[in-house]
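Student: Mind having a look at this structure? Questions to follow.
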Amino acid sequence: MGLGIVNKKQPTTSVSKFQTLFGVDKRSLALFRVCVGIVGLYDLIERWVDIKAHYSDEGIVPRSMVTDNFWNKSWYSFHLMTGSVEGIQFLFLINILICFLLLVGYRSRLMMFLHYTFVLSLQARNNIVGHGGDVYMRVISFFGMLLPIGSVFSIDSAFKKPVLRRENKKFAIVNFATFAIILQIIFLYSFSYVHKTGDEWRVDYTASYYALQLDYFRTFLVDYIIEFPSLLTAMTFGVLYYEGFGFVLLFIPFFTAQIRSLGALGFTMLHIGFGAFMRLGIFSPICASGTLLLYPTWLWDNIFNRLRTRERTDFKIYYSGKYGYYITGLVSTFLLFPEVEISPTPTFIDEESFIQTNNGLNNIINNNNNAADSYDHMDQPKIQHDSIPLCVQSSSHLNNWIITRDYRGNKFTGYNALVSIVRASPLLFLFTRLFENRFVSSYGKKVVSFTEKAIVKINDDILVLKPDNPLFYNNNINNDITINNENIYTNSNITLIKNISQTINSDSDGECSLINSPPNGAANSNYTLLKSEMINEEIVNHQQYQRKLNRRRKIVKLSRNAFFNIFAIMGIIFALGWNCANTTCPIPSLPPSIHWLVFLTRVDQMWSMFSPRPPNQHWWYTFEGTLDNGDRVELWNNDGLFTWEPNYEPYTRDKPNPYPSCIGNHRWFKVYENLNNGAGYELIRLGLGKWICREYNARHFDNRLWKFNIIYRNELQHLNNTRSLLPDQNLWSHICYNKPQASKDDDL
């Protein structure tokens, strides 16, 4: 039987034009959530190596300097609670855990809120090292926490109900929060266009040439395009006007979904291009993550329909016990299509192989063993009929946590069930041959067996026990079933309607037995009638309670959504007003009386990257110093401020090659950029000077650094691909300690 595309085409989700224009797809939100978590993890790992330099009291910016000179009274930062390296590392570890939980979608909205609060706290601790990517991270996280980012492809969605089952979901959502986050994404591009007023952008279109010549930013790919001026001119024109007017493609009234998809793809490719040709820190990935929210439901439906095959959709998973529940929930949520059928094994009803007798499960196991005829390369576990009684009382038989059935009707357990899931997964199907390899399969079965035994060792009560004969279910009434003194919750579509009075127990030997409470005869009939009346009354009371509970939940949900929408409206008004305050804009600026709210939520923003024109100067530094014994050294070249190995005289004052490694990551780039012309640059120079003295002298105590000068060197870029050297500037002179007897010959 061939695989191919499913004959019955899955209909696309019904979405109105209004939802397409102003709404967001839940799958876009899920992918956005994952990307924010990944970028957050990357950012924290990159910052980790600089915790001492950037966030501790031993670094460049101690807490006292922050609170006295680089602080706003509306900010907060729990990173200021400690100045020790270990304390900041502990906070980083908590933040890393939050980003990971956000990535997998555990308590998604709460994790996004915590991620947002940590971002604000970390940026307030040291905003000297911040750049445009940090600004976008905080504003997009602010609006992201107001949206249902955990509705799909998340742990939240996997286990939101006590009984796993297939659900038909509506993916498109539209409210004020969705419209607000779309506007925030547009603000990045439209206000960036407004700020780009230089002739390099608007007249001769040489902005791309100058931007790609910057030594720190350019990547190796620039070498392949820098010699094509026509291409660079086209790139400048395209970037400028797509930033300014590309958002129009998101709101075309005809072919709305198709054109919107192209428009969103254009913004994504814009950031992929930025990241390919320029080192911009987290700016490119976090901005590209934001563009994912622009992809409409139409696009996702078509992608999923392309991936659908009979093998991937005509697939079933039956689970037993809490670990089977966990495995099935995760697998069906992250790896399989929503069409995959899932149900608990204790209520197993298979129209092809199940017979409502004690042989029901044995028939399933027989089919599992016979499936080897269809997959000769796989060694199926030969399970004896009598090895697993229907009540599954023995926790040593662990293959029954999950049972899978593929589109051919073959059933699998254990490691082979895992292989069948890989085969049916649209994400992992390329690894099927790897998992079917005899060597991998052999060790895989051992790993699965070891894992199962380890779990049993920790918790021996794993499998859900349910009998075969007395339970019959219909779709009318709610009820709870008590088995072996455990409350097994059933969903609203399952109820016990026969032999309610029977109690299910297991004897001391682990055998399944049925114990009838009342005696036979008339007494039994009266007892059954009385019991039925009691059960009916209990059901009515339960239904009334459930209706009250549902009304209460609905009120809470409506109130919560109203709060989120009001907060989103407030945030986008703040963002618009703040952007307009920095440009020529017909919208009035925000009144000063509410500026504290803007700084509290940190939606303050200004998108002036490479504006009004890209820099046309290239800079570097020399840190020229004198050691305790009088030797002349230079500390910046050859990564000297990272290796703490000096360059002894005669040293070169030319620009280092390679150059970016002397600066370090994008955080250090902002330090050196602010060292020259940033706000409070003298304090930054002082802090950097003290940092260099402490770190160098701690490593070279026998020949310490006495004093040094920070020399700023730069050169002017010309359009003919030449550069001219500009005069040097002595930015700072720093003395690490006073020598008792310093001769004039020791002067620099």
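The values are calculated or read from the model by the stated rules, or taken from the named source; none is laboratory data. On a predicted model such as this, the values are computed, not experimentally measured, just so you know. Positions of Cβ are generated from backbone atoms using ideal geometry, with glycine treated the same way; all protein chains shown enter the neighbour counts.
Student: If we keep just the residues of region 221-267 that are of a type in the set (A, V, I, L, M) and not in a helix (DSSP H, G or I), which is farthest from Ala172 (Cα to Cα)?
Tutor: Ile226
Student: When you look at Leu336, is it among the hydrophobic types (A, V, I, L, M, F, W, C) and part of a loop (DSSP other than H, G, I, E, B), yes or no?
Tutor: yes
Student: Restricting to region 694-722, and then to whatever is crowded, with 16+ Cβ neighbours inside 10 Å and farther than 13 Å from Leu627 by Cα, can you tell me which residue is nearest to the chain's Cα centre (by Cα)?
Tutor: Result: Glu695.
Student: Taking the condition closer than 30 Å to Cys736 by Cβ, without any contact (Cβ under 8 Å) to a residue 24 or more places away in the chain and either touching a Lys or Arg at 6+ places or on another chain (Cβ under 9 Å) or not acidic (Asp, Glu) (or both), does Gly630 pass? Outline the logic, then answer.
Tutor: Numbers: closer than 30 Å to Cys736 by Cβ: yes; without any contact (Cβ under 8 Å) to a residue 24 or more places away in the chain: no; either touching a Lys or Arg at 6+ places or on another chain (Cβ under 9 Å) or not acidic (Asp, Glu) (or both): yes.
Criteria not met by Gly630.
Student: Okay, moving on. Could you tell me which numbered condition Ser608 fails, if it satisfies all but one of (1) farther than 23 Å from His115 by Cβ; (2) crowded, with 19+ Cβ neighbours inside 10 Å?
Tutor: Ser608 satisfies every listed condition except (2).
Student: Look through Tyr295, Tyr242 and report the one residue that is of a type in the set (Ser, Thr, Tyr), modelled with pLDDT of 95 or more and buried (at least 20 other Cβ atoms within 10 Å of the Cβ).
Tutor: On inspection, the qualifying residue turns out to be Tyr295.
Student: Follow-up. Answer yes if at least one residue in region 300-310 is farther than 19 Å from Ala158 by Cα, modelled with pLDDT of 50 or more, within 40 Å of the chain's Cα centre (by Cα) and part of a loop (DSSP other than H, G, I, E, B), and no otherwise.
Tutor: Yes, region 300-310 contains a residue that is farther than 19 Å from Ala158 by Cα, modelled with pLDDT of 50 or more, within 40 Å of the chain's Cα centre (by Cα) and part of a loop (DSSP other than H, G, I, E, B).
Student: Turning to a different aspect of this structure: Residues of region 620-661 being among the aromatic types (Phe, Trp, Tyr) and either in the same structural domain as Leu280 (by TED's automatic domain parsing) or crowded, with 19+ Cβ neighbours inside 10 Å (or both), which ones? Full working, then the answer.
Tutor: So in region 620-661, the residues among the aromatic types (Phe, Trp, Tyr) come out as 620-621, 623, 636, 642, 644, 648, 651, 659.
Across region 620-661, the qualifying residues are Trp620, Tyr621, Phe623, Trp636.
Student: Quick one: count up the residues across region 576-603 that are within 23 Å of Thr197 (Cβ to Cβ), small (Gly, Ala, Ser) and exposed (fewer than 14 other Cβ atoms within 10 Å of the Cβ).
Tutor: Number satisfying all stated conditions: 1.
Student: Going by the conditions given, is Tyr205 more than 19 Å from Phe267 (Cα to Cα) and either surrounded by fewer than 20 Cβ atoms within 10 Å (Cβ to Cβ) or in contact (Cβ under 8 Å) with a residue 40 or more places away in the chain (or both)?
Tutor: Judged against the criteria, Tyr205 is not a match.
Student: Right, another one. Look at region 130-153 and say how many of its residues are at pLDDT 95 or above, in contact with a Ser or Thr (Cβ under 7 Å, 6 or more places away or on another chain) and not aromatic (Phe, Trp, Tyr).
Tutor: Residues that pass the stated criteria total 2.
Student: Quick check on my filter: what residues within region 76-130 are without any contact (Cβ under 8 Å) to a residue 12 or more places away in the chain and of a type in the set (Ser, Thr, Tyr)?
Tutor: Thr82, Thr117
Student: Within region 626-641, can you find the residues that are not β-branched (Val, Ile, Thr) and not in a loop (DSSP other than H, G, I, E, B)?
Tutor: First, pick out the residues of region 626-641 that are not β-branched (Val, Ile, Thr): 627-632, 634-641.
Matches in region 626-641: Leu627, Arg632, Glu634, Asn637, Asn638, Asp639, Gly640, Leu641.
Student: While we're on this one: Right, Ser289: at pLDDT 90 or above, within 23 Å of Tyr106 (Cα to Cα) and assigned by TED's automatic domain parsing to the domain that holds Asp134 or not?
Tutor: yes
Student: So Lys9 clears everything in (1) surrounded by fewer than 19 Cβ atoms within 10 Å (Cβ to Cβ); (2) modelled with pLDDT of 95 or more except one condition, right? Which one?
Tutor: Every condition holds for Lys9 apart from (2).
Student: Here's something else I'd like to know. Determine which member of the set Asn714, Asn720 is part of a strand (DSSP E or B) and either out of contact with any Ser or Thr (no Cβ under 9 Å at 6 or more places or on another chain) or among the acidic types (Asp, Glu) (or both).
Tutor: Answer to the selection: Asn714.
Student: Out of the residues in region 209-220 meeting the condition of being in a helix (DSSP H, G or I) and within 31 Å of the chain's Cα centre (by Cα), tell me which one is farthest from Phe669 (Cα to Cα).
Tutor: Per the criteria, the residue is Phe220.
Student: Read through the list (1) over 17 Å from His131 (Cα atoms); (2) modelled with pLDDT of 95 or more, then give the number of the only condition that Asp68 fails.
Tutor: It is condition (2) that Asp68 fails.
Student: Hey, another quick one. Consider Lys73 against the criteria (1) among the charged types (D, E, K, R); (2) surrounded by 19 or more Cβ atoms within 10 Å (Cβ to Cβ); (3) outside any helix (DSSP H, G or I): it satisfies all of them except one. Which criterion is unmet?
Tutor: That leaves (2) as the condition not met.
Student: Output the number of residues of region 264-292 satisfying the condition of being under 20 Å from Phe179 (Cα atoms) and crowded, with 21+ Cβ neighbours inside 10 Å.
Tutor: Keep residues of region 264-292 that are under 20 Å from Phe179 (Cα atoms), which gives 264-268, 286-292.
Okay, now just the ones that are also crowded, with 21+ Cβ neighbours inside 10 Å, so 264, 267, 286-287, 289-292.
Matching residues across region 264-292 total 8.
Student: When region 642-658 is examined, which residues are found to be part of a strand (DSSP E or B) and of a type in the set (Ser, Thr, Tyr)? Can you show your working first?
Tutor: Of the residues in region 642-658, the ones part of a strand (DSSP E or B) are 647-648.
Result: Tyr648, single match.
Here's the yes/no breakdown for (1) in contact (Cβ under 8 Å) with a residue 12 or more places away in the chain; (2) outside the structural domain of Ile186 (by TED's automatic domain parsing):
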{"residue": "Leu249", "(1), (2)": "yes, no"}
{"residue": "Ile252", "(1), (2)": "no, no"}
{"residue": "Gly263", "(1), (2)": "yes, no"}
{"residue": "Ile282", "(1), (2)": "yes, no"}
{"residue": "Leu299", "(1), (2)": "yes, yes"}
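Student: Only one of Phe100, Phe78, Phe92 is farther than 30 Å from Ala158 by Cβ, touching a Leu at 6+ places or on another chain (Cβ under 9 Å) and surrounded by fewer than 20 Cβ atoms within 10 Å (Cβ to Cβ). Can you tell me which?
Tutor: Phe78
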